[in-house]
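This report concerns only the one structure given below.
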Amino acid sequence: MIRIDEKLTGVRTVGIAGHVRPDGDCVGSTLALYNYIKNYYPTLEVTLFLEPIPNIFKFLNRSEEIVNTPDTDVSQFDLFFALDCGDTGRLGSFADFFLNAKSTVCIDHHVSNQAFAGDNYIFPEASSTCELVFELMEEERITKEIAECLYTGMVHDTGVFQYSCTSAKTMNIAGILMEKGIDYPKIIDDTFYTKTFNQNRILGQALLNSSLYLNGRCIVSSVSREEMEAFDVLPKHLDGIVNQLRVTKDVQVAVFLYENEDGSWKGSLRVNGDFNVAEVAIVFGGGGHVKAAGFTIWGSLSECTERVLAEIEKRL
Ligand code: 5GP
Ligand code: MN
């Protein structure tokens with residue numbers, strides 16, 4: 001077991017990165033670690049690299065200090081943290097910093113994670129990377145600002161403490177974070193439930209576009225580039241659509257595809273009950289968790305739908 005404080009002794013430059021298209025757990029866990037280092041190791045040179053984050057997470061402390069491009073004066077980091085990433089490919093344009101660093105740490109909860117760092121703290125049964133980051137910090141050093149980061153990530157990866165990844169331990173940690181004085185109902189409402197008008201409208205479109213397959217056990221929907229443009233939304237605004245598909249009565253697997261700029265399709269998979277969607281995502285070069293996974297697939301929409309359905313049917 002590594003401790004954050006132990007890893008930071010004797011280092012001068014530290015880099016932190018999360019996965020491409022950062023979500024709540026990715027932003028929350030990396031910012032929690034960044035704030036911790038900034039607070040307690042002011043002489044360290046620390047940089048947090050992430051692709052542009054959704055606006056809803058910009059209230060988190062020091063989010064304005066995040067570096068969005070692989071630009072730095074540091075030629076080689078003494079220590080580099082990869083958080084919430086199942087493999088180095090998920091680090092996107094920041095992967096080289098990780099690969100060149102003198103020492104590396106991975107903190108993650110993806111089942112597909114092959115323990116690719118020097119030090120690995122990987123627990124697929126953990127609700128979120130934030131839960132793991134909490135365990136590696138000194139509890140008394142967790143400020144209200146750090147608690148806000150960790151709580152936000154936990155809220156997002158557990159669907160507000162609802163998904164089966166939520167454990168008694170998750171709730172205990174959330175309780176400790178609540179006692180740090182955070183405005184938890186506001187975090188939940190502002191970052192999880194509140195959607196813009198256009199986000200709600202594209203959700204409506206996605207529901208209209210959905211169809212049932214495999215005797216109603218699978219629901220598939222998609223939105224095209226054209227539709228995203230018509231509703232003036234970006235990929236980061238489509239979070240939550242696949243979860244709405246999943247709660248369709250009697251559906252076991254939900255598939256949501258949206259068109260990328262290059263014509264490929266980004267797939268999201270969710271499941272009710274016993275079914276491992278990470279296995280399906282891995283077939284297409286993606287990954288994730290047993291109950292929530294993703295991938296990118298190339299081809300026409302009907303072709304891609306057929307290929308994904310075939311992989312699901314094999315396993316149902
Ligand atoms: P989402 O469907 O919300 O994009 O992702 C669900 C889960 O699968 C997340 O934990 C995410 O990190 C993971 N995931 C999504 N897309 C990919 C991908 O292309 N590759 C890998 N390895 N994991 C992914
Ligand atoms: Mn996560």
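The values are calculated or read from the model by the stated rules, or taken from the named source; none is laboratory data. All figures in this text were calculated on a predicted structure; none of them were measured in a lab. Cβ atoms come from the backbone with ideal geometry, glycine included; neighbour counts cover every protein chain shown. What goes into the accessible areas is simple: the full protein's heavy atoms, side chains included, and nothing from ligands, DNA or RNA. Shrake-Rupley method; radii C 1.70, N 1.55, O 1.52, S 1.80 Å.
A few notes on this one:
- Charge dipole (Cα centre; +1 on Lys/Arg Cβ, -1 on Asp/Glu Cβ; no other charges) of the chain amounts to roughly 560 debye.
- Karplus-based coupling profile of region 308-316, in residue order and whole Hz: 5, 4, 4, 5, 5, 4, 3, 9, 6, with θ = phi - 60° in 6.51 cos²θ - 1.76 cosθ + 1.60 and x standing for Gly or Pro.
- Measuring only protein heavy atoms, the 1.4 Å probe finds Met171 accessible over about 90 Å².
- Charge context of His156, other residues only, Cβ under 9 angstrom, K/R +1, D/E -1: -4
- Near Gly24, once Lys and Arg are set to +1 and Asp and Glu to -1 for all other residues with Cβ below 9 Å from its Cβ, the sum equals -4.
- Solvent-accessible surface ranking, highest first, for Glu313, Glu259 at 1.4 angstrom: Glu313, Glu259
- Accessible surface, per residue, of the chain when the full set of protein chains is kept, probe 1.4 Å, Å²: 44
- Classified by the C-alpha gyration tensor, region 165-316 has an oblate form. Its axis ratio a/c, with a ≥ b ≥ c, is 1.5 or above, and a/b does not exceed b/c.
- Which of Arg307, Arg225 is most accessible, then next, and so on - probe 1.4 Å: Arg307, Arg225
- On region 197-315, 49 percent of the accessible area sits on carbon and sulfur atoms, based on a 1.4 Å probe.
- Amide H contacts for Val251 (H built 1.01 Å from N in the peptide plane; partners 5 or more residues away or on another chain; cut-off under 5 Å): none found.
- When you filter the GluC sites (Glu not before Pro) in region 105-197 for DSSP loop state and at most 14 other Cβ atoms inside 10 Å of their Cβ, you are left with Glu125, Glu138, Glu179.
- Charge dipole magnitude, Cβ of K and R +1, D and E -1 - region 1-113, Cα centre, debye nearest 20: 180
- Rounded to the nearest 5, the antiparallel percentage of DSSP beta bridges internal to the chain is 40%.
- Long-range HN-HN contacts of Asp119 with modeled amide H, under 5 Å: Thr104, Val105, Cys106
- Ser211 exposes around 50 Å² of accessible area when a 1.4 Å probe is run over every protein chain in place.
- Carbon + sulfur, % of accessible area of region 1-126 - ligands and nucleic acids excluded, 1.4 Å: 46
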